[in-house]
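The values are calculated or read from the model by the stated rules, or taken from the named source; none is laboratory data. The model shown is predicted, which means the values in this text are computed figures rather than measured ones. For neighbour counting, all protein chains shown are included, and Cβ atoms are generated from backbone atoms with ideal geometry for every residue, glycine included. The accessibility values were calculated without ligands, DNA or RNA, using every heavy atom of the protein model including side chains. Shrake-Rupley method; radii C 1.70, N 1.55, O 1.52, S 1.80 Å.
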Amino acid sequence: MALVTGASRGLGASIARQLAADGWPVAVNYRSDAAGAAKVVAAVREVGGTAEALCADVTDEESVTGLVGQAERLLGGPVEVLVLNATGPQPAVPVEQLTWDAHLDQLRFFVKSPTLLLRAALPGMKGLGRGRVIQIGSDMFERALPGMSAYVAAKGAQLGLTRSWARELGPHGITVNLVAPGWVPVERHAGANEEELRAYASEVPLGRTGSPGDVASTVSFLASGAAAFITGERVTVNGGHTID
């Protein structure tokens, strides 16, 4: 069974639909967008897949424990694929206005939440003798744009978790990897105009912005048996935008 956090829209919704198409029963997690999650579940079921929409705040320990337990009860088994996609607001904050709370806002989603979710899912994975943990990171760690230091720092920490967990959990048959998309315009980017999109695409060797499907297909591969010997890796999905 696969659990995808933040799956009511955007990248999470695309990932959930792709994993369901691959044959995984999917727990579609959401925090507030019940209608969006219901649409994802309906789309999965319409083509013969299995999915359930599960509401939970993935930054809250009690809520996370309940989420994993509910997913296991409703979908009939331990979490074998854990996709850590949930995110919060990502405001630009100049250093002069940067506070510790601004850092915590990002760390809550990219360090605390992954830790809580992995801890909750780990007994089931160890019982199976296998598992896939796939974090959704960002190429912003390389791009390091001004005003985004809290976000960049948290994404760097997320990568550190990925590498350390990969070493620790490898002996249990559990792989841990991170997918780092570039700019993939989704609902949260509704305010972006055509000029911004063209300017970004002009910097990308492959000449376009990414699509949710680009990210979902990468997650699909890492969740598959074909990726059984890949762990501790960061797979950048940005058309070559950050080639050194």
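Observations, loosely collected:
- Structure-based [θ]222 nm, the chain - -39500 (n - 2.57) summed over DSSP H runs of at least 4, per residue, nearest 500: -14000 deg cm²/dmol
- Volume of the Cα convex hull of the range 107-212, divided per residue and given in Å³: 128
- Surface composition of the range 175-244: carbon plus sulfur atoms hold 55% of the accessible area, using a 1.4 angstrom probe and ignoring ligands, DNA and RNA.
- Accessible area (Å², per residue) of the range 50-139, counting only protein heavy atoms and a probe of 1.4 Å: 45
- Sulfur and carbon atoms: percent of accessible area, the range 47-104 [1.4 Å]: 52
- Cleavage-rule hits, trypsin sites (Lys or Arg not before Pro), the range 118-164, DSSP coil, Cβ neighbours within 10 Å at most 16: R130
- Amide hydrogen proximity for V176: with H placed 1.01 Å from N in the peptide plane, the residues at 5 or more positions away or on another chain lying under 5 Å are V133, G232.
- Debye, to nearest 20: dipole size of the range 1-150, +1 on Lys, Arg Cβ, -1 on Asp, Glu Cβ: 400
- With protein chains left intact and a 1.4 Å probe, residues in the range 1-47 average 41 Å² of accessible area per residue.
- Taken per residue, the accessible surface of the range 173-244 reaches 51 Å², heavy atoms only and a 1.4 Å probe.
- Projecting label points 7 angstrom from Cα along Cα→Cβ for L145 and E233 puts them 2.8 nm apart.
- Distance (nanometres) between label positions extended 7 Å along Cα→Cβ at A199 and T242: 2.1
- Stokes-Einstein, applied to the Kirkwood radius of the range 1-149 over Cα pairs at a viscosity of 1.567 mPa s and 4 °C, places its translational diffusion at 82 µm² s⁻¹.
- Projected label distance in nm at A192 and A21, using a 7 Å step from Cα toward the beta-carbon: 2.1
- Distant-in-sequence amide contacts of V237, defined by a placed amide H-H separation under 5 Å and a gap of 5 or more residues or a different chain, comprise A180, G182.
- Take every Cα pair under 8 Å whose residues are at least 6 apart in sequence, average their separation, divide by the length of the chain, and the relative contact order is 19 percent.
- Crossing angle, helix 61-75 versus the chain [Cα axis fit, 0-90 degrees, rounded to tens]: 50
- Taking the centroid of alpha carbons for each part, the range 140-177 and the range 210-225 are 18 Å apart.
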